[in-house]
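Asks: What follows is a structure written as structure tokens; I'll ask about it next.
Quick note: the coordinates plus some simple rules give every number you see, no bench work behind them. The structure displayed is predicted, hence computed values, not measured ones. So basically every Cβ, Gly included, is an ideal-geometry build from the backbone, and we count neighbours across all protein chains shown.
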Amino acid sequence: EYLAEHGALTQVKHNGTSKLDLSQGQGRDYDLPPPEQWGGAHPFADKKFQTPTNKSRFVATPFVALPAQDVTFNTGRIRDQWHTMTRTGLVPRLFGHRAEPHVEINPQDDETIGIGATDLVEISGPQGKSFARASITDAANQNEIFMPMHWSSSFAANSLANTMTTKSVDPISGQPALKSAAVTVKKFPATWHGFGLSLAEDLPVTDYCAKRPIVNGVSFECAGQHIPKDWGVFLYAALASGGELTSLQSKTAGTFRCVVTKYNRIVFIFIASQKPLNISRTWLQDQLGSSASPLSILAGQPQEDVFDDGPILCACMNVGINRIAATIAADPQIALDDLCVFTKAGTGCGSCRIEIRKMLYEAAKP
């Protein structure tokens, strides 16, 4: 039904002149027709366009400069996600490279603003403000920041990229000005940072919370300006389903850790601290749904000699950045192709090879 409607729309007001004509397939099974390139292999070889004069038309639109600002905001795509993740957001492996909303900041701007790597950043724009994790990189130009557009309210309610853009649209095409805006950037004054894993999707409500799917549940990062008076009340939604709670709290150090087991399975893990957490997220993720000892999980990292792959750099072959870094450390002169063969990273689609090459370049610096 929807395909038939779309097919009919391809010829509305075109009277058969449009090269994209799906109206001819009305009533046919979508899976039956063979592949077809609309308009032929070279649709404009005859130098005729779909206009009354058969000539192309260029429309000159006035340039509207951004107002004077200290920081220019830019948004776009990242390697493993597409649009607002309506499809790619359902694939846990595609979150291995970028697990939460982030903003890329030039190292020189980092010093000026006073933001460090892994800090949370508050970005204020024409329509409001958003929160994202700082990523200090020379991939961003000075006085410019970049934030991916993918995280919708389904994944991070307070990290919408378009909140920082203007409401301006092109008067002819209607294209919105979503690519740049004048913004202000500052460090988000978080008094605590948290990381959690759950078999369910009942997550705490706080200033910042970003979730992502994992193979057997969800993972989430969160932070707030005020430390909860009662962590049990704060985590009520996640703990309401019951189970055996094992917790560890230090009011002096401002830390809280808990593990919930149900039917001898780990169903919920949460760790909070006053500073950004230095824990083994990949290892903790593997413990969710297992019958591991809750006391061993409270440490936040394996107690035995287990190699931590770290954040996934190669989504195709599921290779973490720590494994690649360890290989480079063992042989700083290793060639890119040899490194990829040894670790298997970059042997799938190859899109991660740019980042692997950069790691090799950094290792070669004196």
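Asks: Quick one: net charge around ALA99, please, counting Lys, Arg +1 and Asp, Glu -1 for every other residue with C-beta under 12 Å from its C-beta.
Replies: With Lys, Arg at +1 and Asp, Glu at -1, the net is +3.
Asks: What's the angle, to the nearest 10 degrees (0 to 90), between helix 353-364's Cα axis and the longest principal axis of the chain?
Replies: Long axis of 353-364 versus the principal axis of the chain: about 50 degrees.
Asks: Next up: For the chain, just the Cα atoms, rotate onto the principal axes and tell me the three extents in Å, largest first.
Replies: Extents along the principal axes, in whole Å: 77, 54, 52.
Asks: Run the reach check for LYS47 against lysines, Cα to Cα strictly under 22 Å, same-chain hits fewer than 8 apart removed. What comes back?
Replies: In chain and number order, the partners are LYS13, LYS19, LYS55.
Asks: From the cross-link list LYS275/LYS365; LYS186/LYS365; LYS211/LYS358; LYS129/LYS179, which pairs have alpha carbons spaced over 20 Å apart?
Replies: Too far apart for the 20 Å limit: LYS275/LYS365; LYS186/LYS365; LYS211/LYS358.
Asks: Count neighbours as other Cβ atoms within 10 Å of each site's Cβ, and list the trypsin sites (Lys or Arg not before Pro) in region 50-133 that are DSSP loop with at most 16 such neighbours.
Replies: Passing sites in region 50-133 are LYS55, ARG57, ARG77, ARG79, ARG87.
Asks: If you line up the long axis of helix 321-330 against the longest principal axis of the chain, both from Cα atoms, how many degrees apart are they, to the nearest 10?
Replies: With rounding to tens, the tilt is 80 degrees.
Asks: Still on this model: Please work out how much length the chain gains when fully extended from ALA65 to SER351, using 0.36 nm per residue of separation minus the C-alpha to C-alpha distance, in nm with one decimal.
Replies: 99.5 nm
Asks: If you take the beta carbon distance between GLU304 and LYS167 as r and set R0 to 51 Å, what does 1/(1 + (r/R0)^6) give as a FRET efficiency, to the nearest 0.05?
Replies: The pair GLU304/LYS167 has a calculated efficiency of 0.40.
Asks: Using Cα centres only, tell me the gap between region 254-312 and region 46-105 in whole Å.
Replies: 37
Asks: Next question, about the same structure. Counting other Cβ atoms within 10 Å, which trypsin sites (Lys or Arg not before Pro) in region 220-318 have at most 11 and lie in a DSSP loop?
Replies: Sparse-neighbourhood loop trypsin sites (Lys or Arg not before Pro): LYS229, LYS251.
Asks: What distance in nm lies between label points placed 7 Å from Cα along the C-beta direction at ALA200 and SER154?
Replies: 2.2
Asks: Percent relative contact order of region 185-268, based on C-alpha pairs within less than 8 angstrom and at least six residues apart?
Replies: Across region 185-268, relative contact order equals 27 percent.
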